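Written below as structure tokens is the structure these notes are about.
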Amino acid sequence: QVHLVESGGGVVQPGGSLRLSCSASGINFKLVVMNWYRQAPGKQRDLVASITVSGNTAYTDSVRDRFTISRDNPRRTTTLQMNNLEPEDTALYYCNTQWHGQDFWGKGTLVTVSS
């Protein structure tokens with residue numbers, strides 16, 4: 001059974017940093033693309049960052065140069081380092097992957113950026 005568990009959310013002031021982690025089980029982690037999505041209140045869930053099997057990364061424009069996605073295959077974790085956070089980054093952040101044709105999601109971790 002596939003499980004994705006996010007951690008690391010919290011409340012931070014504008015300009016601050018947070019590091020989100022996603023721990024995966026039930027999949028061959030080194031064979032999957034890992035994604036981070038976020039959903040702000042009243043808005044749709046949007047893709048924030050992705051990392052491929054080979055370690056190539058992609059970001060949505062609004063977080064490029066501020067966020068960094070990485071993966072640790074032996075530990076089966078992916079992290080999202082978020083720097084210079086803005087109030088607009090406030091959202092529930094979800095870890096996501098696809099395995100055997102199915103979409104899997106964690107329950108999310110809440111990030112609140114507020115002064």
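The values are calculated or read from the model by the stated rules, or taken from the named source; none is laboratory data. Predicted model only: the values in this text are computed from it and were never measured. With ideal geometry, Cβ positions are generated from the backbone for all residues, glycine too; neighbour counts draw on all protein chains shown. Heads up: the accessible areas ignore ligands, DNA and RNA and are worked out on the full protein's heavy atoms, side chains in. Shrake-Rupley method; radii C 1.70, N 1.55, O 1.52, S 1.80 Å.
Which condition from (1) out of contact with any Cys (no Cβ under 9 Å at 6 or more places or on another chain); (2) buried (at least 18 other Cβ atoms within 10 Å of the Cβ); (3) assigned to a strand (DSSP E or B) is the one that C22 breaks?
Of everything listed in (1) out of contact with any Cys (no Cβ under 9 Å at 6 or more places or on another chain); (2) buried (at least 18 other Cβ atoms within 10 Å of the Cβ); (3) assigned to a strand (DSSP E or B), C22 misses just condition (1).
Condition first: in a loop (DSSP other than H, G, I, E, B) and either under 15 Å from L80 (Cβ atoms) or open to solvent by less than 40 Å² (accessible area, probe 1.4 Å) (or both). Now tell me which residues in region 40-51 satisfy that.
Listed by number, the list holds a single entry, A40.
Name the residue that is nearest to D46 (Cα to Cα), counting only residues in region 77-115 that are in a loop (DSSP other than H, G, I, E, B) and free of Cβ contacts under 8 Å to residues at least 60 places away in the same chain.
Per the criteria, the residue is T90.
Hey, any hits in region 64-76 for a residue that's touching a helix residue (DSSP H, G or I) at 6+ places or on another chain (Cβ under 6 Å), outside any strand (DSSP E or B) and surrounded by fewer than 21 Cβ atoms within 10 Å (Cβ to Cβ)?
Scanning region 64-76 turns up at least one residue that is touching a helix residue (DSSP H, G or I) at 6+ places or on another chain (Cβ under 6 Å), outside any strand (DSSP E or B) and surrounded by fewer than 21 Cβ atoms within 10 Å (Cβ to Cβ).
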